[in-house]
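Student: Can you read through this structure? Questions will come right after.
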Amino acid sequence: MKTYKKLQLVFGSILMMALTPQISLAQTYHLSNTTSTLKVEGTSNIHDWDIIAEDQKGTLIAELDNGQLVKISQLDFTVKAESLKSGKSGMDKNTYKALKTDKYKQITYKLTKVNNIDCTSTGKCKVTTSGTLTIAGIKKNIDITFDATVRENKIILVGKKKLIMSEYGIDPPTAVFGTITTGDALNIKFESNFIK
């Protein structure tokens, strides 16, 4: 009789678990370098310029509930510093010198906290985060807000962030014996495709 009651309890628990909506377990997504873009936009005393990152890596660990983003527990992002390309070798050389790439090979971002996830519709959310960004060996705390879109087996993050080079100990690059000078402020624009 006791065995029968125990079996009833076990099957009852299994049935309840099956019928109760469950939040999915944390899923790991990896950055697709070929479909992601990161652009650095800047100014100079002659013309505006931009640089594209050609080598990016990243990991995103998130939880979804019925296709809705509910939690991000990890977000790491790395750019190989010498994969930043402008299409002009002279400018790239000056950029690498400013970034001290002989010593610091990577630019990294690491999420420390998700401050808010505001979902306006299924699969579309605005995410406010805090994290650490390390450039040329200097680590700074930064806040980034981005749009997150869930599509089947991937999560797409789109956003932008203004950075000041001198805050990272970087002297804005110059060219032609200092006659061409770049502005201290940069705009970083990204579309990061993370695939499960």
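Student: Given the residues Gly58, Gly87, Gly42, Gly12, which is the only one that is within 15 Å of Phe194 (Cβ to Cβ) and either out of contact with any helix residue (DSSP H, G or I) (no Cβ under 9 Å at 6 or more places or on another chain) or modelled with pLDDT of 90 or more (or both)? Give the derivation first.
Tutor: Values: Gly87 fails: within 15 Å of Phe194 (Cβ to Cβ); Gly42 fails: within 15 Å of Phe194 (Cβ to Cβ); Gly12 fails: within 15 Å of Phe194 (Cβ to Cβ).
Every option except Gly58 fails the conditions.
Student: Give the number of residues within region 77-90 that are in contact (Cβ under 8 Å) with a residue 24 or more places away in the chain, surrounded by fewer than 18 Cβ atoms within 10 Å (Cβ to Cβ) and closer than 22 Å to Asp184 by Cβ.
Tutor: So the answer is 3.
Student: Could you tell me how many of the residues in region 66-88 are over 12 Å from the mean Cα position of the chain (by Cα) and at negative phi?
Tutor: Result for region 66-88: 13.
Student: Follow-up. Identify all residues within region 22-65 that are within 18 Å of the chain's Cα centre (by Cα), loosely packed, with under 14 Cβ neighbours inside 10 Å, more than 22 Å from Ser86 (Cβ to Cβ) and among the β-branched types (Val, Ile, Thr); write none if there are none.
Tutor: Thr28
Student: Need a quick list: strands (runs of 3 or more DSSP E) entirely within region 94-196 having at least 2 residues that are without any contact (Cβ under 8 Å) to a residue 12 or more places away in the chain, out of contact with any Ser or Thr (no Cβ under 9 Å at 6 or more places or on another chain) and surrounded by fewer than 14 Cβ atoms within 10 Å (Cβ to Cβ).
Tutor: In region 94-196, 106-121 are the strands (runs of 3 or more DSSP E) which contain 2 or more residues that are without any contact (Cβ under 8 Å) to a residue 12 or more places away in the chain, out of contact with any Ser or Thr (no Cβ under 9 Å at 6 or more places or on another chain) and surrounded by fewer than 14 Cβ atoms within 10 Å (Cβ to Cβ).
Student: Kindly check whether there is at least one residue in region 123-130 that is at pLDDT below 95 and closer than 26 Å to Tyr168 by Cα.
Tutor: No; the residues of region 123-130 include none that is at pLDDT below 95 and closer than 26 Å to Tyr168 by Cα.
The values are calculated or read from the model by the stated rules, or taken from the named source; none is laboratory data. Everything quoted here is computed from the prediction, not taken from an experiment. A quick note on method: Cβ atoms are made from the backbone with ideal geometry, for glycine too, and the neighbour counts reach across all protein chains shown.
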